[in-house]
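Enquirer: Have a look at the structure that comes next, please.
The values are calculated or read from the model by the stated rules, or taken from the named source; none is laboratory data. Computed from a predicted model, the values in this text were never measured in an experiment. So basically every Cβ, Gly included, is an ideal-geometry build from the backbone, and we count neighbours across all protein chains shown.
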Amino acid sequence: MKKRIALLPVTLAVIVLLLLAGGCAPSPQSSALDPGETGQDSPEASGGESDTAPGEETTPGEPAPDEAKGTDETNDKNESAAEEARKVKITLYFGDQEATEDGTPTETGYVKAVVREYPHTTAVLRLALQELIRGPLPGEKGLVKTLPATAQILNLKIENEVALIDFSEELLTAPDSPGGSLGSLLLVQSVVYTATQFPTVKSVLVTVNGETYSDGHYIWEKPIGREFFCSSG
């Protein structure tokens, strides 16, 4: 029978020990993705380019109508391939249901990775955080939501390889906000592992309405990276 973890309030010292024992996965060595938030909060912009419609008339040097049909089909295939190449894959870290029920952390602690594909965007970090808020999709089994659905990203920027993320107060006060020491651990690991997949982000500092994050179990006073979850042993 699987042993379940009781979500009881714990002291700050205990939650820090939980965090340190929560597993450690190495940061990615390289990535083609750029968070697109360096130095300031950036809007989400589409990376696609507009297509130009072919002219209706043929001019000297252009293919005849019958030939143009084949050219259009080739162009359509090329445009489709280019559109496919512009898509990005983002790794999201949600709670690992099996690990939390067993009480046994994996290499990534109590969170589990899932990869999703999106149209190209220059703001992949913001998109990744919004998808954490969205939560696991129906076909993604064994995952646990880590952020409340009503949380909003108030500000987001990257300075000196630190992702500075300011959420609205719903991050802590919403009815579906993760509760207890385990919920606190899942939220912290979920955000840190997701944000540090990008090469320009080495650590993360989360605030709430511009104030220090404190959920009664963990006080987020300084930036932390994946190494924070590494056991000293």
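Enquirer: With the checklist (1) within 21 Å of Leu92 (Cβ to Cβ); (2) part of a helix (DSSP H, G or I) in hand, flag the one item Leu156 doesn't pass.
Expert: Going through (1) within 21 Å of Leu92 (Cβ to Cβ); (2) part of a helix (DSSP H, G or I) one by one, Leu156 breaks only (2).
Enquirer: How do the pairs read when you match residues in the range 155-173 that are on the phi > 0 side of the Ramachandran plot with residues anywhere that are polar (S, T, N, Q), using Cβ under 9 Å and keeping only pairs 6 or more apart or on different chains?
Expert: Short answer, once both residue conditions are applied: Glu161/Thr200; Glu161/Ser203.
Enquirer: Does any residue of the range 107-120 turn out to be outside any strand (DSSP E or B) and touching a Pro at 6+ places or on another chain (Cβ under 8 Å)?
Expert: no
Residues checked against (1) surrounded by fewer than 20 Cβ atoms within 10 Å (Cβ to Cβ); (2) at pLDDT 95 or above:
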{"site": "Leu164", "(1), (2)": "yes, yes"}
{"site": "Leu182", "(1), (2)": "no, no"}
{"site": "Ser190", "(1), (2)": "no, yes"}
{"site": "Thr207", "(1), (2)": "yes, yes"}
{"site": "Gly210", "(1), (2)": "yes, yes"}
{"site": "His217", "(1), (2)": "no, no"}
{"site": "Lys222", "(1), (2)": "yes, yes"}
{"site": "Arg226", "(1), (2)": "no, yes"}
